[in-house]
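Enquirer: Handing you this structure, nothing more for now.
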Amino acid sequence: MLTGLLGKKLGMTQRFTDDGRLVGVTVVQLGPCVVTQVKTTKSDGYNAVQLGFGDMKPKNATKPYAGIFKKANAKPLRWVREFRLDGEAALKPGDVVKVEVLKGVKKVDITSTSKGKGFQGVVKRYHKSRGPESHGSMNVRQTGSRSSSAMPNRVRPGTRSHGHMGDVRVTVKDVPLIGIDENRNLAYVNGSVPGAVGALVMIQKSNSTK
């Protein structure tokens, strides 16, 4: 059974829970998604459903990409992702999936791409402590000592240092699903969601709730 969808992040607001608490929620537009391929253990070695989401100009689709949607009798879509299944899906290419598949789900796993923050130092990137700011100190936000001079006499691989921050795939697990709006294909998840407004979001039922 399919328990995941593609969507995009719309922003944040507030919403009351069933027990009367006011919590901050992120609004995610989930679907409608089009089934572009259905994979089975017999044909592909595993069970999965491939979904497409987001408007795209047909002229921007490559021939192999457009061929996938032609077989599904659908127009080219911007994003295509797979969702693994335990068994064969009762879906076929061309079917439309909406937010109703998450009806009754309490917790979800959310995958998106975090905001890119460019080249950053260790204070912002890894929350390292600042150095002294007086008496002529030249080490206020710098890295500081990262190795010894005798042994190993080098910086070990993996040592936390300055560099590129953000713009990576992030998965947040067991996020409470506050509610869904079936008429507008909206989902309200508790707290923040990785990524900028308009970013692609993958939401699926959490394993802890199965």
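Enquirer: Name the single residue that is farthest from Asn73 (Cα to Cα) among those in the range 24-40 being touching a Gly at 6+ places or on another chain (Cβ under 8 Å) and of a type in the set (A, V, I, L, M, F, W, C).
Expert: Val25
Enquirer: Please state which one of Lys71, Lys115, Lys92, Lys107 is in contact with a strand residue (DSSP E or B) (Cβ under 9 Å, 6 or more places away or on another chain) and within 23 Å of Lys173 (Cβ to Cβ).
Expert: On inspection, the qualifying residue turns out to be Lys107.
Enquirer: Right, next: If Arg125 meets every condition in (1) modelled with pLDDT under 90; (2) crowded, with 16+ Cβ neighbours inside 10 Å; (3) not hydroxyl-bearing (Ser, Thr, Tyr) apart from one, which number is that one?
Expert: Every condition holds for Arg125 apart from (1).
Enquirer: Strands (runs of 3 or more DSSP E) wholly in the range 1-106 with at least 1 residues that are farther than 18 Å from Ala187 by Cβ and of a type in the set (Lys, Arg) - which ones?
Expert: 33-39, 77-84
Enquirer: Still on this structure, I have one more. If you take the residues in the range 73-97 that are β-branched (Val, Ile, Thr) and buried (at least 17 other Cβ atoms within 10 Å of the Cβ), which one is nearest to the chain's Cα centre (by Cα)?
Expert: Looking at residues that are β-branched (Val, Ile, Thr) and buried (at least 17 other Cβ atoms within 10 Å of the Cβ), I get Val80.
Enquirer: Sticking with this one: In the range 67-110, how many residues are over 14 Å from Phe53 (Cα atoms) and not small (Gly, Ala, Ser)?
Expert: Going through the range 67-110 one residue at a time, the tally reaches 19.
Enquirer: In addition: Any idea which of (1) over 24 Å from the mean Cα position of the chain (by Cα); (2) modelled with pLDDT of 90 or more is the one Lys70 doesn't satisfy?
Expert: Going through the list (1) over 24 Å from the mean Cα position of the chain (by Cα); (2) modelled with pLDDT of 90 or more, Lys70 breaks only (2).
Enquirer: Please name all residue pairs, on different chains or six or more residues apart, with Cβ atoms under 8 Å, provided the first residue is in the range 111-134 and is at negative phi and assigned to a loop (DSSP other than H, G, I, E, B) and the second residue is exposed (fewer than 12 other Cβ atoms within 10 Å of the Cβ) and of a type in the set (Val, Ile, Thr).
Expert: From residues that are at negative phi and assigned to a loop (DSSP other than H, G, I, E, B), the pairs are Ser114/Val168; Arg130/Val140; Gly131/Val140; Pro132/Val140; Glu133/Val140.
Yes/no per residue for (1) touching a helix residue (DSSP H, G or I) at 6+ places or on another chain (Cβ under 7 Å); (2) among the acidic types (Asp, Glu); (3) at pLDDT below 90:
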site: Lys9; (1), (2), (3): no, no, no
site: Gln14; (1), (2), (3): no, no, no
site: Asp18; (1), (2), (3): no, yes, yes
site: Leu22; (1), (2), (3): no, no, no
site: Thr26; (1), (2), (3): no, no, no
site: Pro32; (1), (2), (3): no, no, no
site: Val35; (1), (2), (3): no, no, no
site: Lys42; (1), (2), (3): no, no, yes
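The values are calculated or read from the model by the stated rules, or taken from the named source; none is laboratory data. Bear in mind the structure is a predicted one, so any value in this text is a computation, not a measurement. With ideal geometry, Cβ positions are generated from the backbone for all residues, glycine too; neighbour counts draw on all protein chains shown.
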